[in-house]
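Chemist: Mind having a look at this structure? Questions to follow.
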Amino acid sequence: MLSKKQARNFFLGGTLVTFLVFIGLTIFSLSSANDQTNEENLTAEVVRGKELWEKNNCMGCHSLLGEGAYYAPELTKVLDRRGAGYVKAALMSPVPWQPSGRKMVAYNMSDQEANDMVAFFEWIGEIDLNGFERIVSPLAKRKAANN
Ligand code: HEC
């Protein structure tokens, strides 16, 4: 059994150590060497693409970095998966894009708008995800193995 004094020291010491660890990890996370956002790669096209993303409510159906809706495919790595030509075809289509059955809005984008969207996806795809994109749930692995 700890005496009252030992218990107090244990509490204060433990609190101090975890507080210091917390402060240290916070400084580590925010240090510029750990910047994962590729801010230096933001171009005018990427910014216009992001504006198109917001204006057209793409997030109402899709997700980026896991954020958004789950009606339509995750798009963080869409260029790796599909390539720029496929992505542009989906965005420039004058009729709802639906090769797998579910319908997308027919945006009928211009070539420049579609290129801006591609630039945005390129930028998003280059963000360092700490391996998030490689962590696959056991269920998804089983499904992939069966296909
Ligand atoms: C109403 C829901 C909806 C909205 C809003 C929407 N999409 Fe889609 N999108 C879909 C669906 C559903 C698919 C899959 C179609 C299929 O493969 O049959 C798709 C497919 C795509 C694909 C191809 C992805 C792949 O892996 O095959 C891209 C790229 C894409 N959408 C981009 C966008 C962008 C950019 C926006 C906003 C400008 C947007 N979408 C808005 C529903 C939507």
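The values are calculated or read from the model by the stated rules, or taken from the named source; none is laboratory data. None of the values given here were measured: they were computed from a predicted structure. Note that we place each Cβ from the backbone using ideal geometry, even for glycine, and neighbour counts take in every protein chain shown.
Chemist: Taking the range 87-104 only, how many residues are surrounded by 14 or more Cβ atoms within 10 Å (Cβ to Cβ) and part of a loop (DSSP other than H, G, I, E, B)?
Modeler: Residues meeting the conditions: 3.
Chemist: Moving to a separate point now. Can you tell me which residue is nearest to LEU42 (Cα to Cα) among those in the range 87-120 that are among the hydroxyl-bearing types (Ser, Thr, Tyr) and within 6 Å of the ligand (Cβ to nearest atom)?
Modeler: Within the range 87-120, the match that is nearest to LEU42 (Cα to Cα) is TYR107.
Chemist: Of the residues in the range 55-74, how many are more than 8 Å from the ligand (Cβ to nearest atom), out of contact with any helix residue (DSSP H, G or I) (no Cβ under 9 Å at 6 or more places or on another chain) and in a loop (DSSP other than H, G, I, E, B)?
Modeler: Number satisfying all stated conditions: 1.
Chemist: Additional query: Of all the residues that make up the range 75-86, how many are part of a loop (DSSP other than H, G, I, E, B) and either more than 11 Å from the ligand (Cβ to nearest atom) or touching an Asp or Glu at 6+ places or on another chain (Cβ under 8 Å) (or both)?
Modeler: Residues in the range 75-86 being part of a loop (DSSP other than H, G, I, E, B) and either more than 11 Å from the ligand (Cβ to nearest atom) or touching an Asp or Glu at 6+ places or on another chain (Cβ under 8 Å) (or both): 2 in total.
Chemist: Within the range 58-66, does at least one residue satisfy the condition of being at pLDDT below 95 and surrounded by fewer than 17 Cβ atoms within 10 Å (Cβ to Cβ)?
Modeler: yes
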